[in-house]
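Take a look at the structure below.
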Amino acid sequence: MYEQKNTPPDQSAGQRQDAIDINDFVFAATGARVRRLTMPDGTHWFPVVDVCNQLGYTTPRKALLDHVPEEHRDILETVTGSHSLSIPAGREWRRDMNLVDLQGLIRLVNGCTKPESQPFKAWVSEVIATIQRDGSYSLEPSPAPLAHPGGSAYVMPQQVADAIMRLEERNLQADEMLAASAGERNELLRRIGEGQDRMVDALRDLTEALRRPRADSRPAAESELTHQQLLATWKARNLIVTDDVHMVAACLAPALVQGGARYRVEEIANRTGLPYERVHDCLRMLIRRGCVRQVGCAPDGAPVYVLP
């Protein structure tokens with residue numbers, strides 16, 4: 001946790017009396033930034049959004065109204081205007097940005113009861129206590145050479161450095177676990193996809209096999225039958241009881257003894273001269289009496305009949 005000065009380093013002390021002194025307090029454990037604006041009269045103001053983001057408030061305006069009295073909050077345009085100063089440059093500084101003074105910051109932080117906000121609350125309390133005592137919050141300057149001219153380096157407490165190292169180690173372990181889990185998940189999805197493809201292919205082959213009448217589905221003895229013999233057999237067994245049924249059976253018989261008949265009801269009706277409904281009834285009677293059975297449909301949709 002350290003203080004980052006955003007005021008240009010070449011300004012003199014006299015010049016800063018007539019301008020806004022802007023500092024960033026950085027919470028080293030998470031990198032969270034809390035900006036502070038110091039007015040020429042020495043009063044401190046803090047953007048509400050910086051604090052609410054770390055405390056877990058989803059609606060900063062509601063948190064402000066619930067915990068901070070009106071005399072300890074204001075908007076950026078009013079605060080700067082009271083000192084005849086302009087809004088700081090940059091898109092992050094909006095005229096209607098809500099600010100709280102030091103007392104408002106204390107009330108806003110203390111009003112949060114979420115357990116996950118405790119480390120941040122403890123750090124803010126330390127910052128507030130130091131500002132109240134010393135007028136500023138900073139760390140001991142580092143004796144190491146500066147990385148760039150015009151800047152300031154600070155010594156980081158060992159406990160903070162250790163905390164950062166632990167966080168980085170946990171982040172690396174988490175990244176490795178996520179990468180391993182993602183690899184296993186992708187491999188599992190690939191295997192599932194392959195299994196589904198094989199299942200689809202098997203179902204397609206099975207469907208085609210059921211739709212195709214097998215040439216060897218009839219006994220060898222029946223393959224030598226003629227259609228006249230087939231009709232005579234049915235008639236002798238009293239399976240064909242009416243002329244209409246005989247006409248439909250006679251239409252199917254030549255194809256049946258060759259392996260299977262593929263006729264639509266309309267086609268049989270045209271061949272026999274019977275009505276559509278009567279042909280349908282005759283086919284049902286032939287199926288019920290065990291003369292034929294349906295084994296699916298041809299590619300053109302015509303029913304396929306074979307000998308049982």
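Each value in this text was obtained by applying a stated rule to the coordinates, not by laboratory testing. Predicted, not measured: the structure shown is a model, and the values here were computed from it. Cβ sites come from the backbone with ideal geometry, for glycine too, and all protein chains shown count toward neighbours.
Would you work out which of Val127, His83, Leu55 lies farthest towards the positive end of the dipole of segment 27-133? Charges go on Cβ: Lys and Arg +1, Asp and Glu -1.
It is Leu55.
Glu267 versus Arg204, label points 7 Å from Cα toward the beta carbon: distance in nm?
Simple spin-label model gives 2.7 nm for this pair.
Calculate the FRET efficiency for Glu77 and Arg170 from the Cβ-Cβ distance with a Förster distance of 45 Å, rounded to the nearest 0.05.
Efficiency computed from Cβ-Cβ geometry: 0.60.
Amide H neighbours of Gly296 under 5 Å, at least 5 residues apart or on other chains, H built in the peptide plane: list them.
For Gly296, whose amide H was placed from the backbone, the distant partners under 5 Å are Val304.
Enumerate the calculated ³J(HN,Hα) couplings along segment 268-284 in order (Karplus 6.51 cos²θ - 1.76 cosθ + 1.60, θ = phi - 60°), each rounded to whole Hz, writing x wherever the residue is Gly or Pro.
5, 4, 5, 5, 9, x, 8, x, 4, 5, 5, 4, 4, 5, 5, 4, 5
Starting from the 7 Å offset along Cα-to-Cβ, what nm value, one decimal, do you get for the label separation of Arg284 and Met177?
6.7 nm
Please work out how much length the chain gains when fully extended from Thr242 to Arg133, using 0.36 nm per residue of separation minus the C-alpha to C-alpha distance, in nm with one decimal.
Between Thr242 and Arg133, full extension yields 27.6 nm more.
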